[in-house]
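Chemist: Here it is: the structure, laid out below.
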Amino acid sequence: MTWTPQSWRAKPIQQAPKYPDVAALAAAETRLAEYPPLVFAGEARDLRGLLAKASRGEAFLLQGGDCAESFSEFRAPIIRDTFRVLLQMAVVLTFAG
């Protein structure tokens, strides 16, 4: 299946919130679609290459963060603190390795 911004809707959903106000959901999706991407295509391609290296044992992957962030927690201090923890983890792994 070719990826499109709507193609995810054809996938089976195991865990998803129920949105009782379909109009509010559509309005939010329209608003979000107007924002620039969080990740650019070149970055995604670079990541695929780096993940391939990790899968071959040629690189190390450190993954961390919340598994389900809420929009109420999407604030600069929380993002900064999470990033700080990830950097600290990377430093520990770098010096331990």
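The values are calculated or read from the model by the stated rules, or taken from the named source; none is laboratory data. Owing to the predicted nature of the structure, the values given are computational and were not obtained by experimental measurement. Methodologically, a virtual Cβ is constructed for each residue, glycine included, from the backbone with ideal geometry; neighbour enumeration extends over all protein chains shown. We work out accessible area using only protein heavy atoms, side chains counted, and drop any ligands, DNA or RNA first. Shrake-Rupley method; radii C 1.70, N 1.55, O 1.52, S 1.80 Å.
Chemist: Loop-only check: which trypsin sites (Lys or Arg not before Pro) in the chain are DSSP coil with at most 13 other Cβ within 10 angstrom? Mind showing how you got there, number by number?
Modeler: On the way: sites: ARG9, LYS18, ARG31, ARG45, ARG48, LYS53, ARG56, ARG75, ARG80, ARG84; in loops: LYS18, ARG56, ARG75.
Those satisfying the criteria are LYS18, ARG56, ARG75.
Chemist: Pulled fully out, how much extra length does the chain show between ALA23 and ARG84, if you take 0.36 nm times their separation in residues and subtract their Cα-Cα distance?
Modeler: Details: separation 61, 0.36 × 61 = 21.96 nm, distance 3.79 nm.
Full-extension gain reported as 18.2 nm.
Chemist: Still on this model: Over the alpha-carbon set of the chain, divide Rg by the Kirkwood Rh and report the Rg/Rh ratio to two decimals. Walk me through the intermediate numbers first.
Modeler: Details: Rg = 17.7 Å, Rh = 17.3 Å.
Using only Cα positions, Rg/Rh for the chain is 1.02.
Chemist: How many Å² of accessible area per residue for the chain, probe 1.4 Å? Provide the component values of the computation, followed by the final result.
Modeler: On the way: 9200 Å² over 97 residues.
Value returned for the chain: 95 Å² of accessible area per residue.
Chemist: Continuing with this model, one more query. Determine the calculated [θ] at 222 nm for the chain from helices alone, applying -39500 (n - 2.57) to every DSSP H run no shorter than 4 residues and normalising by the residue count; nearest 500 deg cm²/dmol.
Modeler: Working: 3 runs with 48 residues, N = 97.
Taken over the chain, the calculation gives -16500 deg cm²/dmol.
Chemist: State which helices in the chain qualify, where a helix is a whole DSSP H run, it must extend 15 Å or more along its own axis by its Cα atoms, and its mean Kyte-Doolittle hydropathy must be at least 1.0. Please report the intermediate quantities before stating the final value.
Modeler: Values: long enough: 22-33 (16 Å, 1.16); 41-55 (21 Å, -0.19); 76-96 (30 Å, 1.28).
Flagged H segments are 22-33, 76-96.
Chemist: Going by the alpha-carbon gyration tensor, a ≥ b ≥ c the square roots of its eigenvalues, is segment 8-58 rounded (a/c under 1.5) or, if a/c is not under 1.5, prolate (a/b greater than b/c) versus oblate?
Modeler: Here segment 8-58 falls in the oblate category.
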